[in-house]
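All remarks here apply to the structure that follows.
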Amino acid sequence: MKTYLPEINKVNTRLWMKKRIRQDETDRYLRNGRDFIDEKSINNDLNSARNIDAGVIRNILAKSMAIETLSPFETACLLNVTDPELLQEMAETAGKVKKKVYDNRIVTFAPLYLSSKCVNNCVYCGLRRSNKEVQRKTLNIEEVKREIEVLTGTIGHKRLIVVYGEHPDSGVDYIADTLKAIYSVKVETRRGPSQIRRCNVNAAPMSIDELKVLKNVGIGTFQVFQETYHKETYRTVHPADTIKGDYQWRLYSMHRAFDAGVDDVGLGVLFGLYDWKFEVMGLLYHAIELENKFGIGPHTISFPRLEPASNTPFTQNAKYKVSDDDFKKLVTVIRLAVPYTGMILTAREDAKMRREAILLGCTQTDAGSNIGIGGYAELLDKQQAKNQQFVLGDTRTLDTVVRELAEVGFITSFCTAGYRCGRTGQKIMGLLRSGKEGKFCKLNAVITFREWLDDFASPKTIEVGEKLIQREIAEIKRNIPDVFEQFMNFYNKTSAGQRDIYF
Ligand code: SAM
Ligand code: SF4
């Protein structure tokens, strides 16, 4: 195995940690020495936007339907709605906004954890450095490839979110080498070859130079979750003697990404650390800041809820745990407040919640997930909860999830064309806001669904999938007649075994 730091010991790990944070790459973005999270203003809006007239709420919903980002006050109005009838209208509008922007597509991916080593000590995380019960491992390149053989050759994934702890063993060179390795694996399946075509990355904040390295190896979305936008809470859950303890270094990760040319970024909050309404406002402030500064908002927003983690008492007793009803409400309000963004619902949630939340405007979900290091190829014996970051709520197979989605009219898209054709950043924002993205991507969704049915689906899923695909083809003929001929040409080639043809 290539060694990324010749000798890792306490001294050079400490040195490495010290060098991670480039203060000038935070300071340059501050305004009058302040960051863009104005807690006073968030609290004022949340306190004043109460008992708002139903007519005003309906006007706000009309703005969401016009695919315009809501203001903080408008978002606070929605967060404070309690009337069941209005809540129902909000939920229905959220579903309609999603349909208008993304149609009936759900993009599917798998999480891939490559290392459980981490220098940070986040109190909610099973991988925190003080958790001595974890058996730590960083996969070498050969082991990474074995994971990919299962993910793309047996399960049928085309898209990953690759997750890294923060450690000298998994620094930017390791990330770049593993991404190259992932893209290099091609596996023969029933009908045609399969490979991972898009790697999104969830990793620690990086410097501009490091982000340029990731841009060059073909990173998809770069995700860094702020975890909590509330500064005092942030300090409590991220000890000060860790890199993650620096709130602003993390807050400006996406600014640095844009400055490095990575214009496809994902935001997130770990719901359960602080008041969920405040956190939704924080996400909105972040989205507005990126829109104003770079003309591009977040490509995705993630909203994980705190899950139990082995030997991690914080996850059992958290004061701000979010109830199921509040979770559905926060999903609805995020959809309405940032109407163009992709929304990622993960397998942290159980099957029942996933069925309900997907109707509130989510666009992406994972399935057949395993978050153990080497979990897909079972490289670390059988996966054990004690070696994982947290425990998953839904471990159903991809085949089951695809079938269930098809039964309720959603087509699973394995499309990865967007970033490979340069449809990122401002280009994708324009397509999303104008509602053109949904139609355009429909074609690729159907083609990649065809691939997946032929290469991986069970007979039961093929039966449900075929009916859905026929309905989709009829819809394309009706609604986008000008490309129908070319579409059928691509579709027929795919049915004959050609792979990776896209618009
Ligand atoms: N180590 C990187 C970091 O912290 O930025 C990578 C991300 S971490 C492996 C992925 C995300 O999982 C975290 O950002 C956090 O939001 C979430 N997470 C951590 N502990 C969790 C828990 N107990 N339950 C649910 N999600 C958790
Ligand atoms: Fe490390 Fe990320 Fe876990 Fe924090 S959340 S301890 S940074 S892996």
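The values are calculated or read from the model by the stated rules, or taken from the named source; none is laboratory data. Predicted, not measured: the structure shown is a model, and the values here were computed from it. Cβ atoms come from the backbone with ideal geometry, glycine included; neighbour counts cover every protein chain shown. Please note that ligands, DNA and RNA were not included when accessible areas were found on the heavy atoms of the full protein model with its side chains. Shrake-Rupley method; radii C 1.70, N 1.55, O 1.52, S 1.80 Å.
Surface composition of region 296-368: carbon plus sulfur atoms hold 50% of the accessible area, using a 1.4 angstrom probe and ignoring ligands, DNA and RNA.
What a 1.4 Å probe finds exposed on region 170-248 is 46% carbon and sulfur by accessible area, rounded to a whole percent.
Here the chain is treated with +1 on each Lys and Arg Cβ and -1 on each Asp and Glu Cβ, and its dipole about the Cα centre works out to around 640 debye. Legend: Rg and Dmax of region 1-128, from Cα coordinates, 22.9, 65 Å. Taking label points 7 Å from Cα along the Cα-to-Cβ direction, N59 and K321 give a separation of 4.1 nm. Were the residues from S130 through K180 laid out at 0.36 nm apart, the gain over their Cα-Cα distance would be 14.8 nm. With contacts taken as Cα pairs under 8 Å at a separation of at least 6 residues, the chain carries a relative contact order of 20 percent. In whole angstrom, region 79-167 maps to an equivalent ellipsoid with semi-axes of 38, 23, 9, each derived as √(5λ) from the alpha carbon gyration tensor and ordered largest first. Assuming charge only on the beta carbon of Lys and Arg (+1) and of Asp and Glu (-1), the dipole of region 151-275 about its Cα centre is about 760 debye to the nearest 20. With helices as the sole contributors, the chain gives -14000 deg cm²/dmol at 222 nm; each DSSP H run of n ≥ 4 counts as -39500 (n - 2.57), and the sum is divided by every residue. Full extension of the chain between R28 and T397 gives 128.2 nm of extra length, using 0.36 nm per residue less the Cα-Cα distance. Taken per residue, the accessible surface of the chain reaches 39 Å², heavy atoms only and a 1.4 Å probe. Computing FRET efficiency as 1/(1 + (r/R0)^6) for R355 and D173, where r is the C-beta to C-beta distance and R0 is 56 Å, gives about 0.85.
Extension gain for F73-E291 works out to 76.7 nm (0.36 nm per residue, less the C-alpha to C-alpha distance). Quick one: Cα centre-to-centre distance for region 29-75 and region 282-339, in angstrom? Each part's Cα centre sits 16 Å from the other's.
Simple spin-label estimate for K10 and K215 gives 4.0 nm between the two label positions (7 Å along the Cα-to-Cβ direction from each Cα). In plain terms, the bigger the Kirkwood radius, the slower the diffusion; for the chain, with that radius from Cα pairs, at 4 °C and 1.567 mPa s, Stokes-Einstein puts D at 56 µm²/s.
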